[in-house]
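First comes the structure, then the notes that go with it.
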Number of protein chains: 4
Amino acid sequence: MRFFSDNAAPVHPAVLRAIAAADSLDTAYDGDRWSKALDERFSALFETAVRVLWVPSGTAANCLALAALCPPHGSVVCHREAHIQNDECGAPEFYTHGAKLLLAEGEGAKLTPATAAAVLDRQRYDVHQQRPHALSITNATEYGRVYTPAEVAALGALAKERKLGFHIDGARFANAVVSTGASPADLTWRGGADALSFGFVKNGGMNAEALVFFDHALADATLYRRKRAGHLLSKGRYLAAQLLAMLDDDIWLACARGANAGAALLAQAAGARLLHPVEANEVFLRVTADEAASLRAAGFDFYDWGVGEARLVVSWNQRAEDIRPLADAIAALG
Amino acid sequence: MRFFSDNAAPVHPAVLRAIAAADSLDTAYDGDRWSKALDERFSALFETAVRVLWVPSGTAANCLALAALCPPHGSVVCHREAHIQNDECGAPEFYTHGAKLLLAEGEGAKLTPATAAAVLDRQRYDVHQQRPHALSITNATEYGRVYTPAEVAALGALAKERKLGFHIDGARFANAVVSTGASPADLTWRGGADALSFGFVKNGGMNAEALVFFDHALADATLYRRKRAGHLLSKGRYLAAQLLAMLDDDIWLACARGANAGAALLAQAAGARLLHPVEANEVFLRVTADEAASLRAAGFDFYDWGVGEARLVVSWNQRAEDIRPLADAIAALG
Amino acid sequence: MRFFSDNAAPVHPAVLRAIAAADSLDTAYDGDRWSKALDERFSALFETAVRVLWVPSGTAANCLALAALCPPHGSVVCHREAHIQNDECGAPEFYTHGAKLLLAEGEGAKLTPATAAAVLDRQRYDVHQQRPHALSITNATEYGRVYTPAEVAALGALAKERKLGFHIDGARFANAVVSTGASPADLTWRGGADALSFGFVKNGGMNAEALVFFDHALADATLYRRKRAGHLLSKGRYLAAQLLAMLDDDIWLACARGANAGAALLAQAAGARLLHPVEANEVFLRVTADEAASLRAAGFDFYDWGVGEARLVVSWNQRAEDIRPLADAIAALG
Amino acid sequence: MRFFSDNAAPVHPAVLRAIAAADSLDTAYDGDRWSKALDERFSALFETAVRVLWVPSGTAANCLALAALCPPHGSVVCHREAHIQNDECGAPEFYTHGAKLLLAEGEGAKLTPATAAAVLDRQRYDVHQQRPHALSITNATEYGRVYTPAEVAALGALAKERKLGFHIDGARFANAVVSTGASPADLTWRGGADALSFGFVKNGGMNAEALVFFDHALADATLYRRKRAGHLLSKGRYLAAQLLAMLDDDIWLACARGANAGAALLAQAAGARLLHPVEANEVFLRVTADEAASLRAAGFDFYDWGVGEARLVVSWNQRAEDIRPLADAIAALG
């Protein structure tokens, strides 16, 4: 059983069905009826008018958002362990044409107003430094922690006070929604967010993510930037259809609920081994090399995460009965 | 019946089947077995060892190739009507970080050694101008013309002589292969090409194109650039599987054969109205506004292409019986 | 005697004196009293409040202006023979992060509303093309032609109508002012210009050009871009002092007057050999290779400008008696 | 008396004389005889064949060097407090088109092989991260510390082992040469350096720095990049002449010797207040706000450097008798 990454999981059957159902001639790029339905559909979900662009990857979503919020001579505050800093090969720098990421601290890869402000206060605000233009957080974080609506709002208030745009990398936004029980609105624009990378691929999608703009003005130039980056796919309806299918019947929530529940099972088994509270679908464990080897020998695959640490990620399609054996094996480590 | 664009057509059933068949857990990004099979599979097709990267759009393929061939302070010779110049919103400039396209002339959007050399000879080759580093052609061209192996080789020889990399935008490469009856090898590396954007999406694919490197050294940095551009999709197997499926049983050739044949039917009907010889799946016609209106009134959709001109594109899935009515209607215009 | 370029001439004595006079300790960068005096001084000259930044080269001035007026996904209309297109090694693309130059026609490297509109009308204004954001002209042009206030205003009106920023490359602005007898204001903001690269180096300066913003909002981000490009020199007072010295006693006008007068002498001698009317300090001649050789044998240096053509540039410090021998030699060619 | 910055000092009389002496017509850009003399002159100084380009700022020198050493998808290891990270408004990101600076630790802004290796070892070396391509150090550092030849060589060995280019920001290289008594060769290429930003402006120059390439292959593309960045000034001889003048009679060493001696005087007075050993021309002191105020009241100007800390920089032209009063005032603080 593999617990490497939710990236490696198969797609939800509804997504495959939606793709097949979209398989008729329509208009190219985003002129088709599926793409045109996105704004309305996501607006309903977010309880406010939003503008939505599909893109084929979370990196594209994140970096188009950052490019909309920050000029080349500006900077973006994010966590030292943010995906945009460590896992996108400089895509933020590519899309923003060289903006700088300013790295802040925080337990479990979570920023707080205090840690973000510490970075902001260290800047000089003269022309010799790239002035902060945006704040970017990840919810759920790279360590599977979630921000509550109150925490989002506190960071949103800081962003507003400091005149920063506010972006949320929601590669695992669904897991955060399920975990907090909060509404998508409360986790985003009501807390001051301007743009959300709303992830579907880790949650049962195939190759469509939604870039959601709460600040509509940001969408216009992004249409050009998306094209210019090669992300305006010519048969866009196969992406739009995926997103719509995931929203139908709240499949996106069901998938995330399953993955979070699986992680909770593992967390319970792991007890004192846990490196971070388990709030979404990721579990970080303290394990010796021998223990890791024994788990692997028993057929469980996962990534080492530094020395003596392991990362287990539960995917949308892993059921309790799939996970139980690993939970038992972890518990049996003592 | 719509003749707008092969971009708008549905996908080949084999592609849908391949996607469904790839729907099991595997490794993320391009570590899966489908992605890993590409080099060998395309090497067999091209009769030489090649390196292949999937990307979700032709723009990404083209511009990653150009970035591999041309530094920011260099320039690329292409046709004045090339897709990279007119239809990618500056993606070449984005990916190359500001290289300049030098625009050459040529009937039917085809470059010749003479027209390319004319541009090259006009440059000054001092530090005040961006030195030419690459040559890029489109086969089939934006006007549905094809380059023969001899024509490719003549341009390849020029490129070699002038120390230029040589890229082929093959968004409709399949149509050129079918049209010329030449082998993929003869239309590319045997004629000196370093990189090919091998298009599948216009030819029955969904969202996977193949970037083929004949010069292997170009592939290494491109792996980073693809990631950095957000084109290393996390579930890459769904792209790789499409490409493999299209190669199986020569589906890519069958699709192109069908589209070219349909265009030939229209060409026959159009006779003296043709603006360009029809060699692939595109037909450019002289039509008055009234004639265009009458065709549309009869249920045929297509793009105007300047004043008094129309473009008709035949897709892989349009059969002779689908096309006959339009051919008849064109013939009936007199 | 050398007629290669006004770039190669020595500097005006007042510039050397000003540099020596600025040679005391003051604040670094642009915090010194010379730099701080620029806005007021140029505002007086332009009869309106302007913001001025010194930069050490015309390329820097031009491209900072373009970056202020055009986003990476936009385009700039300029003449096919503009310096920004042919002589800056892609600096516009570097500074704008990949905007595209759209090349327009026009006698003597002069744009007209008609030739600029022809380019604008050819664009598609969809996301597949870089939307025009700016218009850039050169006054005096690369062929020594000048725009009158009325001509500037006609282009300014077009720019306004099409919502384009309007930049003037004034590497030889002084020569245009002298030639037209118009005020700096009439040749710029009264005609709709947003930014002017006001050249001093070709006109007796050493290494300081003035980037003048009529639209003040453009200056703010430019301060960051200047720094980021390495053009915020640490001892800026030596640049600012040059500019102030050139304005003192209208030295900039005297220098340009001298150069224009010298070119007029040559023009008179050249008669029917002239390729362009001589309106500033450049003279383009029809000469055979033998004739060119004979002039060179007589001690006159200049550039060939294509086959059978020569360019002669008169510098600020070349007096009538310096030029007379060349005029006579040209006349003697018959 | 001002101790803000060596950037604010006047220029050495020999520089003014050299500029005046260069004030005759010659070839534009870098075709003049002063520019052409640079390679030979600096080669003699460095005891090896080097290629040298003048540029008008240290930021330009640094970032052209980094662009030569690191691709956009790469990264550069430097100290957390390096000038390139904190004081150039993202110029490294601009010139490299988005490379990332990886920040290492080290006392007094000095890297050690251990602190640099710690950063290098933390990287993952897969396509999801920007692979390290270069190492950049500052000698003397931002805190006035110097690297000895042995320390440079140790870092050079690390760079070689990890296949990194090695750049030295020598904005105060002269101060390091004087401080260590080492030869320019021992402090650069003999220790493995590929490129040096050799600063003159802080040391009595006006607006010319030397970018020295020990790896000649790096110079070729840099010629294009310099032009493209607007740093190929048209009257380059006024820059080249400054550099040559500073090398004549070892003026550059005399200037640095004076500044270092002045700093040593202040260091002696400061005693236990020193935050860093004083090895070049900068002095960092612990002072209370009251103490700082009293020094300022006595006519001494300087920058606060964080809370309770002050930075004093001695310039080339401040003589012992100029500095003594400040030394006495510091000593008198007790």
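The values are calculated or read from the model by the stated rules, or taken from the named source; none is laboratory data. Only a predicted model underlies this, so the values are computations on that prediction, with no experimental measurement involved. Methodologically, a virtual Cβ is constructed for each residue, glycine included, from the backbone with ideal geometry; neighbour enumeration extends over all protein chains shown. Side chains included, ligands, DNA and RNA excluded: accessible areas come from the protein's heavy atoms. Shrake-Rupley method; radii C 1.70, N 1.55, O 1.52, S 1.80 Å.
Taking the criterion of being over 30 Å from D:Phe94 (Cα atoms) and open to solvent by 30 Å² or more (accessible area, probe 1.4 Å), the residues of segment C:85-142 that qualify are C:Glu105, C:Glu107, C:Thr112, C:Pro113, C:Ala114, C:Thr115, C:Ala118, C:Asp121, C:Arg122, C:Arg124.
Against the numbered list (1) under 20 Å from A:Asp6 (Cβ atoms); (2) at pLDDT 95 or above; (3) surrounded by fewer than 16 Cβ atoms within 10 Å (Cβ to Cβ), A:Asp304 comes up short only at (2). For segment B:34-47, indicate whether the set of residues that are open to solvent by less than 10 Å² (accessible area, probe 1.4 Å), more than 8 Å from chain A (Cβ to nearest Cβ), more than 30 Å from D:Arg228 (Cβ to Cβ) and within 18 Å of the chain's Cα centre (by Cα) is non-empty. Checking segment B:34-47: at least one residue is open to solvent by less than 10 Å² (accessible area, probe 1.4 Å), more than 8 Å from chain A (Cβ to nearest Cβ), more than 30 Å from D:Arg228 (Cβ to Cβ) and within 18 Å of the chain's Cα centre (by Cα).
Rundown of residues vs (1) in contact with a Lys or Arg (Cβ under 6 Å, 6 or more places away or on another chain); (2) buried (at least 21 other Cβ atoms within 10 Å of the Cβ); (3) closer than 28 Å to A:Met206 by Cβ; (4) assigned by TED's automatic domain parsing to the domain that holds B:Ser179, yes/no style:
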| residue | (1), (2), (3), (4) |
| --- | --- |
| B:Tyr238 | no, yes, yes, yes |
| B:Ala261 | no, no, no, no |
| B:Ala272 | no, no, no, no |
| B:Val283 | no, yes, no, no |
| B:Arg286 | yes, no, no, no |
| B:Leu295 | no, yes, no, no |
| B:Asn317 | no, no, yes, no |
| B:Glu321 | no, no, no, no |
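Within segment B:143-158, the set of residues being assigned to a helix (DSSP H, G or I) and within 24 Å of B:Glu88 (Cα to Cα) comprises B:Val152, B:Leu155.
Does B:Asp186 fit the bill of being outside any helix (DSSP H, G or I), at pLDDT below 95 and open to solvent by 10 Å² or more (accessible area, probe 1.4 Å)? Criteria not met by B:Asp186. Can you confirm whether segment D:17-34 contains a residue that is assigned to a helix (DSSP H, G or I) and among the hydroxyl-bearing types (Ser, Thr, Tyr)? Looking through segment D:17-34, none of the residues is assigned to a helix (DSSP H, G or I) and among the hydroxyl-bearing types (Ser, Thr, Tyr). Whether any residue in segment B:191-198 is assigned by TED's automatic domain parsing to the domain that holds B:Pro113, open to solvent by 10 Å² or more (accessible area, probe 1.4 Å) and not in a loop (DSSP other than H, G, I, E, B) is what I want to check. Looking for residues that are assigned by TED's automatic domain parsing to the domain that holds B:Pro113, open to solvent by 10 Å² or more (accessible area, probe 1.4 Å) and not in a loop (DSSP other than H, G, I, E, B), one finds none in segment B:191-198, hence no. Here D:Ile330 clears all of (1) more than 30 Å from D:Trp252 (Cβ to Cβ); (2) aliphatic (A, V, I, L, M); (3) modelled with pLDDT of 95 or more except the condition numbered (1). From the list C:Leu233, C:Leu239, C:Leu211, the one residue that fits, being within 14 Å of chain D (Cβ to nearest Cβ), more than 20 Å from the chain's Cα centre (by Cα), under 28 Å from C:Leu25 (Cβ atoms) and among the aliphatic types (A, V, I, L, M), is C:Leu233. Being surrounded by 22 or more Cβ atoms within 10 Å (Cβ to Cβ) and in contact with a His (Cβ under 6 Å, 6 or more places away or on another chain) holds for only one residue in A:Cys70, A:Cys63, and it is A:Cys70. Considering the conditions (1) touching a residue at least 40 places away in the same chain (Cβ under 8 Å); (2) open to solvent by 10 Å² or more (accessible area, probe 1.4 Å); (3) within 25 Å of C:Ala8 (Cβ to Cβ), C:Asp250 is excluded by exactly one of them, (1). Within segment B:48-59, restricting attention to residues that are open to solvent by 20 Å² or more (accessible area, probe 1.4 Å) and away from every other protein chain (no Cβ under 12 Å), which residue is nearest to C:Leu103 (Cα to Cα)? Going through the qualifying residues, I end up with B:Arg51. Of the residues in segment A:180-197, at least one is within 14 Å of chain B (Cβ to nearest Cβ) and under 25 Å from B:Gly58 (Cβ atoms).
Looking only at residues of segment C:1-16 that are in a loop (DSSP other than H, G, I, E, B) and touching a Leu at 6+ places or on another chain (Cβ under 7 Å), we find that the one that is surrounded by the fewest Cβ atoms within 10 Å (Cβ to Cβ) is C:Met1.
Pairs linking a residue in segment B:75-90 that is of a type in the set (Lys, Arg) to a residue that is open to solvent by 30 Å² or more (accessible area, probe 1.4 Å) and part of a strand (DSSP E or B), with Cβ atoms under 7 Å and 6 or more positions apart or on different chains, are B:Arg80/B:Leu103. Annotation note: of D:Phe214, D:Phe200, the sole residue that is without any contact (Cβ under 8 Å) to a residue 60 or more places away in the chain and among the aromatic types (Phe, Trp, Tyr) is D:Phe200. When restricted to residues that are on the phi > 0 side of the Ramachandran plot and not charged (D, E, K, R), segment B:161-205 contains 3.
The set of residues in segment A:143-155 being open to solvent by less than 40 Å² (accessible area, probe 1.4 Å) and charged (D, E, K, R) consists of A:Arg145 alone. Scoring A:Gln268 on the criteria (1) over 18 Å from the mean Cα position of the chain (by Cα); (2) of a type in the set (S, T, N, Q); (3) within 13 Å of chain B (Cβ to nearest Cβ) leaves a single failure, condition (3).
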